[in-house]
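S.K.: Please read through the structure below; I'll follow up with questions.
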Amino acid sequence: LVVGHDPAIQELALTLAGAQAAEDGLLERMASKFPTSSIAVLEVTGSWPELMADNARLTRFVVPREFTAGPGG
């Protein structure tokens, strides 16, 4: 888990994912706007020392309006 502030966190997520995304349009959506409290989920094979540009895969990008309440509210 990495928590950060924009614009650095958006740039980091885009750099790590490169052109790899789980679905069409996901990278473009994240690149166009990264609102406060958004969540980018990236999958990485390997360990932290192996982490570098273009070796992660963006599997999900969720913006605050898409959040849903869990059980109990």
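The values are calculated or read from the model by the stated rules, or taken from the named source; none is laboratory data. Given the structure is predicted, the values throughout are model-derived calculations rather than measurements. Ideal geometry is used to build each Cβ from the backbone, glycine not excepted, and the neighbour counts take in all protein chains shown. Note: areas computed on protein heavy atoms with side chains; ligands, DNA, RNA excluded. Shrake-Rupley method; radii C 1.70, N 1.55, O 1.52, S 1.80 Å.
S.K.: Can you compute the equivalent ellipsoid semi-axes for the chain, i.e. the square root of 5 times each eigenvalue of the Cα gyration tensor, sorted largest first and rounded to whole Å?
M.R.: Numbers: eigenvalues 94, 39, 32 Å².
Its equivalent ellipsoid spans semi-axes of 22, 14, 13 Å.
S.K.: At 1.4 Å probe radius, can you tell me the per residue accessible area of the chain in Å²? Can you show the working numbers first?
M.R.: Values: 5240 Å² over 73 residues.
In whole numbers, the chain has 72 Å² accessible per residue.
S.K.: Near VAL44, within a Cβ-to-Cβ distance under 12 Å, what is the net charge of the other residues, with Lys and Arg +1 and Asp and Glu -1? Mind showing how you got there, number by number?
M.R.: Values: positive: ARG57; negative: GLU43, GLU50, ASP54.
Taking every Cβ under 12 Å from that of VAL44, the sum is -2.
S.K.: A follow-up question, please. Can you tell me which of LEU12, LEU42, LEU27 moves the most in a GNM of the chain? Springs connect C-alpha atoms under 10 Å apart.
M.R.: Of the options given, LEU12 has the highest mean-square fluctuation.
S.K.: Take ASP54, ASP24 and sort them by solvent-accessible surface of the protein heavy atoms, 1.4 Å probe, largest at the top. If you can, show how the numbers build up before the last one.
M.R.: Working: ASP54 90, ASP24 155 Å².
From most exposed to least exposed: ASP24, ASP54.
S.K.: Just the number, please: carbon plus sulfur as a percent of the accessible area of the chain, 1.4 Å probe, no ligands or DNA/RNA counted. Let's see the in-between values first.
M.R.: Working: 2910 of 5240 Å².
Carbon plus sulfur share of accessible area: 56 percent.
S.K.: With axes computed from alpha carbons, what is the tilt in degrees of helix 8-17 against the longest principal axis of the chain, rounded to the nearest 10 within 0 to 90?
M.R.: 60
S.K.: Still on this model: Please give the net charge around ASP54, taking every other residue with its beta carbon less than 14 angstrom from that of ASP54, where Lys and Arg add +1 and Asp and Glu add -1.
M.R.: Overall, the nearby charge balance is -2.
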